[in-house]
1. Just a yes or no: is a residue in the stretch 637-645 of a type outside the set (S, T, Y) and assigned to a loop (DSSP other than H, G, I, E, B)?
2. Picking from F538, F511, which residue would you name as being open to solvent by 10 Å² or more (accessible area, probe 1.4 Å) and outside any helix (DSSP H, G or I)?
3. Testing F569 on (1) open to solvent by 10 Å² or more (accessible area, probe 1.4 Å); (2) part of a helix (DSSP H, G or I), one condition comes back false. Which one is that?
4. Starting from the stretch 18-47, take each residue that is more than 15 Å from V64 (Cβ to Cβ) and list its partners that are modelled with pLDDT under 75 and surrounded by fewer than 22 Cβ atoms within 10 Å (Cβ to Cβ), counting only C-beta distances under 6 angstrom and pairs at least six apart or across chains.
5. I'd like to know if the stretch 470-483 contains one or more residues that are open to solvent by less than 20 Å² (accessible area, probe 1.4 Å), of a type in the set (V, I, T), modelled with pLDDT of 85 or more and touching a strand residue (DSSP E or B) at 6+ places or on another chain (Cβ under 7 Å).
6. Does A496 satisfy being open to solvent by less than 20 Å² (accessible area, probe 1.4 Å), touching a residue at least 60 places away in the same chain (Cβ under 8 Å) and over 33 Å from the mean Cα position of the chain (by Cα)?
7. What's the total number of residues in the stretch 312-324 that are more than 18 Å from W414 (Cβ to Cβ) and either among the charged types (D, E, K, R) or open to solvent by 50 Å² or more (accessible area, probe 1.4 Å) (or both)?
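The values are calculated or read from the model by the stated rules, or taken from the named source; none is laboratory data. This is a predicted model, so every value here is computed, not measured. Positions of Cβ are backbone-derived with ideal geometry, glycine not excepted, and every protein chain shown enters the neighbour counts. What goes into the accessible areas is simple: the full protein's heavy atoms, side chains included, and nothing from ligands, DNA or RNA. Shrake-Rupley method; radii C 1.70, N 1.55, O 1.52, S 1.80 Å.
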Amino acid sequence: MTALTLFDLVVRSMRKNIKHYYLYFFALIFSVVLYFVFATLQHDPSVVAQSGGNMGKAFKAAGVLLLFIAGIFVIYANAIFLKRRSREIGLYQLIGLTKGAVARLLIIENTLLSAGALAFGIGTGILVSRIFLMLLMKLIGFDGFIELSFSTAAVTQTIIVFLAIIVLTSIQMLIAVYRNTLLSLFNADKTGEHPKKPKAFRSAFLALLGIGLIVFGYWLSGNMLNALLFFNMLAVLASTILGTYLLFRVTISWLFYQIRKQKQGHLGLYNSLSLAPIMHRMKGNANSLTIITVLSAMTLTMLAGAYSLYYSTEKETRLIYPVDFLFTPNAEGTGESKAKQFIEQLEQQKIAYQYSPIDVLNLEGEFDENSIPKLINGTFGVNIVNEKQLQQVGMDIDLPKNRTASFYDASLYWIMQTTEVPVNFKLFTPHQEVDISVLKIEEGNVLNPPRVGSHFVVSEDFYREIEQLSANKNGKKPVTTYFAVHIIDKENLAKASDIYSEMTHPNQAKFDYYSNYISNMQNNGLLIFISGFLGLVFLISTGSILYFKQMTEAEQERNSYITLRQLGFTVQDVMRGIVRKQIFVFGLPLLIGLLHSIFAIKSASFIFMSDITVPASIAMVIYTLIYLIFAVLTIRYYRKIVQSAL
């Protein structure tokens, strides 16, 4: 056989299978485009300079994750295609082609398809890189213009990594050709499972155990904030994954067997088209459905978390940096001279402000035993703050009653938010213990970092009383004075921040609100940009895998549909049973993945001080809508098979 004839076979094979490859081709192109864009942004000097090098590192890490997702998808999809084409491979050998020739045919076909996707993906990536960059700049709040240059390094890097994937799939094809006999190739599409009668006690026990493990994981996820936090997280992960596997491997099969037993084997048309095929393939599909469900939950959690961080950036930053500008004592002085210098600059620029010194008493104390979480039991340092001084600098503080306080500490809010109030706190002074009734556990801080810690905001009269009791024998009081400046018109914050930056050493960290808001906006914008597109790649990959598997099953069940049509059943009759099956195949992993992610986000909500219900819900709805597109495509493919069956 000449090389031309072999190539001719490749072309004919590709034409024949193009209808099966289009979604795979699209997913592969999208992965190449995204990887190329990440590589371009990673190597582009202007982007790196804008972010101080952080974006380059982030895109490098994102590229590795993307490569992992794309690699797994391509190898898994290739395995499905090889199994689907087993009969075709067997026919090639039956008509006289050697295994070597068949392997070369498959490898040439795979190389042409992958090379086409690679070339088209890089070309598309070059065209859309500017759009991706504009989207990124919009997300991070950058209004300037960045010139994106063509990157030879990005092209080279993309070609090398995807060539590696092509080599892996070629090896996969060699193994498939040389390891299988003619008989196994022709019987590959007939291999199914014959569900056996499950052992009553063992199956019932494992079925209930699967559900129990998932429920236990959900319960533990809401009760894991204690000294064993790390081990609790591992236990939640292990119990939900094992429970999900048992659910697909045992629980569902056991439930379906009970349904069939109750009906005495007479399933009827709709159950025969939905329940029976699932039962026959449940054992083989358990692993893939478990992986898809767990990874979907992780992806949903990542997307919802990233969007929640971006959505709440302004509020979260304000909670941590409640004062626009805070000048603190340091080695250079008390901070008052810097504050006055800053105020003079504000007055020159005609920027309206509020100014006030804030006196903080540095003492120690402890909450009553067993009144708060064990993680913070014992004596610890606290800061007593006068509410009147905070109001003078423009902070909206609820006035505490006499001998009561509001507790502020952003680093402890995730632990303290469930504490039942009022709770008693014993404050230690050199003269006596002072009881403070804490009426509120507030979000955030009352002073900017780095001078943070636990703060008790008390009334002015109570503050003066504690101040007198805190004096030592020499009359010295443990007071630290900070100088706060609040900008009245928020439109002037950027200009005021520039003045503050000019007064600050370039290598010195900035602790004003606006600088940190911009920094958090950039970090969270970058995070949602990367996680959003990685999530989309994963979603397309998993949806495509389910689509390919169902496409293969549709071909295997074609003869059954022919028989049903010959018996007089309409397309709609057959499709009702098929739709039931697809609701299970696509709906159940999605539903369980959503439940897993809801509890995962709920357990991780301590990271956020603001409500994340809205952003998390939006992320889940978008994910669900895109996921359902693959279910619709699958049903359309089944409809074509059924319509052509007669």
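1. The first filter runs over the stretch 637-645 and keeps only residues of a type outside the set (S, T, Y), leaving 639-643, 645.
Then keep just the ones that are assigned to a loop (DSSP other than H, G, I, E, B); that gives 645.
The answer is yes; a qualifying residue exists.
2. Details: F538 fails: outside any helix (DSSP H, G or I).
Going through F538, F511 in turn, the sole match is F511.
3. All conditions are met except number (2).
4. Pairs that qualify, where the first residue is more than 15 Å from V64 (Cβ to Cβ) and the partner is modelled with pLDDT under 75 and surrounded by fewer than 22 Cβ atoms within 10 Å (Cβ to Cβ), are D44/L148; S46/I146; S46/E147.
5. no
6. Details: open to solvent by less than 20 Å² (accessible area, probe 1.4 Å): yes; touching a residue at least 60 places away in the same chain (Cβ under 8 Å): yes; over 33 Å from the mean Cα position of the chain (by Cα): yes.
The answer is yes for A496.
7. 2
Okay, residues lined up against (1) small (G, A, S); (2) over 19 Å from E316 (Cα atoms):
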residue: E347; (1), (2): no, yes
residue: Q389; (1), (2): no, yes
residue: V393; (1), (2): no, yes
residue: D409; (1), (2): no, no
residue: S437; (1), (2): yes, yes
